[in-house]
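The block underneath contains the structure these notes are about, expressed in structure tokens.
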Amino acid sequence: MTMVPNSPTYLDLISAALGGKVLGFSDEWFAEASNLVTPTPPIRQPGKMVFTGAWYDGWETRRHNQAPFDWVVIRLGVASGTVEGVEVDTAFFNGNHAPAISVEGCFSQNDDEVLSWKGERGGWETILGIQECGPSQRFGWKLDSPTQKQYTHVRLNMYPDGGIARFRLFGHAVPVFPEDKDAIFDLAAAQNGGVAISCSDQHFGTKDYLILPGRGKDMGDGWETARSRTKGHVDWAIIRLGAPGLIQNFIVDTAHFRGNFPQKAKLEAINWKGEGEPGADSEGWVEVIEPIKCGPDQEHPAESLVKDQPFTHVKLIIVPDGGVKRLRVLAKRAV
């Protein structure tokens, strides 16, 4: 999952790793629009030719577009989100790059209706006005003020045609909670507003992977720390829940970690009312799971020891080090 550098509370709302999905486009003759939301950096394979011509890792449309712009519609990977910044990368597109772009958003629960607007105005609102682009480089725009409205879909417009390798939409997830107050759901999940705010170490894989959907594709999309050499060492990661919750159960998943899973895992929680975010040594952490023995490539369910107190953050502690794919915090909202 792509994060804004030095801003751990911002995430790429349209990343495929988070569940972002391309729903439609005006054209993708040379290269597929779905490449735009690939979480990894674009690559180049000089000399590789396909039916349509040279292969590109990005979205590329035909020449001589007669409409004002080509477009692609993307559904966010979160229930909805507010936007703070935009990034467009034209890596390896030189001479066929997008001369300019703009970004629009809408809030809708109807994908078909959004797609029916195609390149017309419809219900789209401007997030970022027309901005110039150039060949083979990254462009970033921080909005003068974050959007007050939340969006479910965005449309990237490219004037008039050309190629873009990657598109990032940075902001905050705005969860849509169940109406049933007793509903139990994953309050740590990024889609529900959870944020991994800090950790002791992330040498091989970042803490942000812990709260992504699914069980990942390999060992590369989980949280993994360096090997420790100090007696009594532990590693930890702190996650802010999407809302204060009454935690019922946890799942610690070591999917794909087969020779480097932790020996044990335990969990603590805190109802934080101080300024900023709690640190690993802040007063008030409560043990909600006693240390459980971990194994390779499996889910480890555990029942919370404290189900009747609200908590705002959880701290996953692994003994002494290793890799964890996902952490699920199944809770009721503390209303």
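The values are calculated or read from the model by the stated rules, or taken from the named source; none is laboratory data. Predicted, not measured: the structure shown is a model, and the values here were computed from it. A quick note on method: Cβ atoms are made from the backbone with ideal geometry, for glycine too, and the neighbour counts reach across all protein chains shown.
Tell me whether the stretch 247-268 contains one or more residues that are aromatic (F, W, Y), in a strand (DSSP E or B) and outside the structural domain of G19 (by TED's automatic domain parsing). Yes, there is a match, as at least one residue in the stretch 247-268 is aromatic (F, W, Y), in a strand (DSSP E or B) and outside the structural domain of G19 (by TED's automatic domain parsing). Residue count for the stretch 316-335 satisfying the condition of being surrounded by 21 or more Cβ atoms within 10 Å (Cβ to Cβ) and over 19 Å from A226 (Cβ atoms): 5.
Every residue, every condition in (1) in contact with a Lys or Arg (Cβ under 8 Å, 6 or more places away or on another chain); (2) farther than 23 Å from K332 by Cα; (3) not hydrophobic (A, V, I, L, M, F, W, C), yes or no:
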{"site": "E275", "(1), (2), (3)": "no, yes, yes"}
{"site": "G279", "(1), (2), (3)": "no, yes, yes"}
{"site": "E283", "(1), (2), (3)": "no, yes, yes"}
{"site": "V288", "(1), (2), (3)": "no, no, no"}
{"site": "Q298", "(1), (2), (3)": "no, yes, yes"}
{"site": "Q309", "(1), (2), (3)": "no, no, yes"}
{"site": "T312", "(1), (2), (3)": "yes, no, yes"}
{"site": "K315", "(1), (2), (3)": "no, no, yes"}
{"site": "I318", "(1), (2), (3)": "yes, yes, no"}
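Tallying residues that are within 22 Å of A189 (Cβ to Cβ) and not aliphatic (A, V, I, L, M) within the stretch 267-321 yields 21.
For the stretch 33-57, filtering for residues that are surrounded by 15 or more Cβ atoms within 10 Å (Cβ to Cβ) and within 22 Å of the chain's Cα centre (by Cα) leaves 9.
Reported count of residues in the stretch 83-115, each being of a type in the set (D, E) and either assigned to a strand (DSSP E or B) or closer than 13 Å to I14 by Cβ (or both), is 4. Of the residues contained in the stretch 63-82, none is found to be under 20 Å from E120 (Cα atoms), in a loop (DSSP other than H, G, I, E, B) and among the hydroxyl-bearing types (S, T, Y). Inside the stretch 281-333, residues that are assigned to a strand (DSSP E or B) and among the acidic types (D, E) make up a count of 4.
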